[in-house]
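J.: Mind having a look at this structure? Questions to follow.
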Amino acid sequence: QRADSFRATDGSAVPASKLNANVLILRAVHYRELAGQKFAFHAIAPMGKFSTARIGGADQPVKNGFGDLTLGVTWFPMVSAEPTGTTFGLSGFVTGPTGNYKPGHGSVAAGGWSFTPQLGMVQGLGHGFFRDAAAEANIYRDFTKDGMAISQDTTYQAQAYLRYQWDETTAFSLGYTEKSGGDFFVNGASAGQKTEFKQVRLLASKFVNPTTQVQLMLGKDTEVKGGFKNEPLAQIRFTK
């Protein structure tokens, strides 16, 4: 992740700001059928390292290391493999304060409990095209750390992709994601940060063998408020 500008909550640029960070996310998913219904169980563990974090010419304190552990479950009330079929999933994720967090420091961890309900859908359009969409709300619980009262407004995110399945092993997607809300407060006062952005994405994925997939994602922020505006964001995902 690279950014050469920080945007205040009104969208204005804060000069002499820069961010360089690398984030690794480990995710385990187990699919199981229970009572005739299909489920997926998730465990997600991020970790990160910041090489540069600067706002307005001032280097920011950071906490490298593990982020918060997230556990979740998805229920699929509707599943279809037809070219124009619909697959629908209902998910719930709980994140606990297990990561390396300190108030006033940049980190992958958020430091408190949160709950994220999510709706996801895959709609077949025929001729190899699919519409992938998801919407979620991240609800944060207030907490106190090192004598500081931390709170954050609910964050809402929606994302949609048009995917073309080139063949059984290769796919390309063009998508858009938007996040709003998430204003951050310390001792009741605004910290000048939130989680509001708009981003376009391009993805390509390939099964290199029947059990191994590689995916490349390139993203570009088009608008940011209350955070760093990414230069082209690159993500590589390996699935086994």
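J.: With farther than 17 Å from P103 by Cα and open to solvent by 60 Å² or more (accessible area, probe 1.4 Å) as the only criterion, which of F66, F76, F41 stands out?
T.: F41
J.: In the range 181-230, what residues are part of a loop (DSSP other than H, G, I, E, B) and either surrounded by 15 or more Cβ atoms within 10 Å (Cβ to Cβ) or on the phi > 0 side of the Ramachandran plot (or both)?
T.: The answer is G182, D183, N187, G188, A191, G192, Q193, K194, T195, G226.
J.: For the range 85-102, give me each residue that is part of a loop (DSSP other than H, G, I, E, B) and surrounded by fewer than 19 Cβ atoms within 10 Å (Cβ to Cβ).
T.: G85, G96, P97, T98, N100, K102
J.: Might you check whether a residue that is free of Cβ contacts under 8 Å to residues at least 24 places away in the same chain and under 30 Å from G188 (Cβ atoms) occurs anywhere in the range 60-82?
T.: So far as the range 60-82 goes, no, none of its residues is free of Cβ contacts under 8 Å to residues at least 24 places away in the same chain and under 30 Å from G188 (Cβ atoms).
J.: Something else now. Could you identify the single residue in V208, V122 that is under 24 Å from H42 (Cα atoms), touching an Asp or Glu at 6+ places or on another chain (Cβ under 8 Å) and hydrophobic (A, V, I, L, M, F, W, C)?
T.: Among V208, V122, only V122 is under 24 Å from H42 (Cα atoms), touching an Asp or Glu at 6+ places or on another chain (Cβ under 8 Å) and hydrophobic (A, V, I, L, M, F, W, C).
J.: Looking only at the range 3-32, filter to residues that are within 16 Å of the chain's Cα centre (by Cα) and of a type outside the set (A, V, I, L, M, F, W, C); which one of those is most open to solvent (accessible area, probe 1.4 Å)?
T.: Selected residue: R27.
J.: Which residues, taken from the range 148-166, are open to solvent by less than 60 Å² (accessible area, probe 1.4 Å) and farther than 16 Å from V122 by Cβ?
T.: Hits for the range 148-166 are A149, I150, S151, Q152, T154, T155, Q157.
J.: If you don't mind, another one. Which of the following residues is within 22 Å of L203 (Cβ to Cβ) and in contact with a Gly (Cβ under 7 Å, 6 or more places away or on another chain): A160, A135?
T.: A160
J.: Kindly indicate whether any position in the range 68-79 is outside any strand (DSSP E or B), modelled with pLDDT of 95 or more, under 17 Å from the mean Cα position of the chain (by Cα) and of a type in the set (V, I, T).
T.: No, because not a single residue in the range 68-79 is outside any strand (DSSP E or B), modelled with pLDDT of 95 or more, under 17 Å from the mean Cα position of the chain (by Cα) and of a type in the set (V, I, T).
The values are calculated or read from the model by the stated rules, or taken from the named source; none is laboratory data. None of these values were measured; they are calculated from a predicted model. Positions of Cβ are backbone-derived with ideal geometry, glycine not excepted, and every protein chain shown enters the neighbour counts. The area values use the complete protein model at the heavy-atom level, side chains included, leaving out ligands, DNA and RNA. Shrake-Rupley method; radii C 1.70, N 1.55, O 1.52, S 1.80 Å.
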